[in-house]
1. Considering Cα pairs under 8 angstrom that are at least six residues apart, work out the relative contact order of region 19-82 and quote it in whole percent.
2. Quick one: which residues, 5+ away or cross-chain, put their amide H under 5 Å from the amide H of Ala45? H built at 1.01 Å from N.
3. Using the Karplus equation 6.51 cos²θ - 1.76 cosθ + 1.60 (θ = phi - 60°), what ³J(HN,Hα) coupling, rounded to whole Hz, does each residue of region 35-52 give in order, writing x for Gly and Pro?
4. When the Karplus curve 6.51 cos²θ - 1.76 cosθ + 1.60 is applied with θ = phi - 60°, which whole-Hz ³J(HN,Hα) does each residue of region 23-33 get, with x for Gly and Pro?
5. What does the charge count around Glu55 come to, taking other residues whose C-beta lies under 14 Å from its C-beta (Lys +1, Arg +1, Asp -1, Glu -1)?
6. With only alpha-carbon atoms in the gyration tensor, what are the semi-axes of the equivalent ellipsoid for region 19-82, in Å, largest first?
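Read-outs: derived from the displayed coordinates by stated rules, not from any lab. Only a predicted model underlies this, so the values are computations on that prediction, with no experimental measurement involved. Here the Cβ is made from the backbone with ideal geometry for all residues, glycine too, and neighbour counts use every protein chain on show.
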Amino acid sequence: MLRKFEFLFWSNEIIMNLAGKVAIVTGGNRGAGSGIGLALAGAGANIALCYHGDENAAIDIVSKVENMLRKALVLQADLTNPSHGKRGYGRNR
C-alpha cells in the first residue's frame, strides 16, 4: 500500500511518486513556476497550469507536459482577482 506521497531516496535527490495526482501550478508559464510544473509532471502528476499573460509560453509548457505522457489543463486567469480563481474550480472534475 502506498502512502499519500511515497518518497524514494536515491543519491542526493528526493523523488516523489505523484502518479494519479493533479498539481495546480500558478505562474506556470515562466520562471520558477514552469520548472516546478515540469518537475511535478516528471514525478507523475497531471498539471493544471494557470497563467496571466503569455499564452504562447503556457502552450509551450503544456506541450512539454503532454510529451511526458501527462495531462495538462491550461487556464488564463489573474489570480489576484477572486472571480478569476473561481472560474477554474470544478472545470475538469
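1. RCO, region 19-82: 33 percent.
2. The list, which skips near neighbours in sequence, is Leu18.
3. x, 5, x, 5, 5, 5, 5, x, 8, x, 7, 7, 10, 9, 9, 9, 9, 9
4. 10, 9, 10, 8, x, x, 8, 7, x, 4, x
5. It works out to a net charge of -2.
6. Listed largest to smallest, the semi-axes of region 19-82 are 18, 12, 9 Å.
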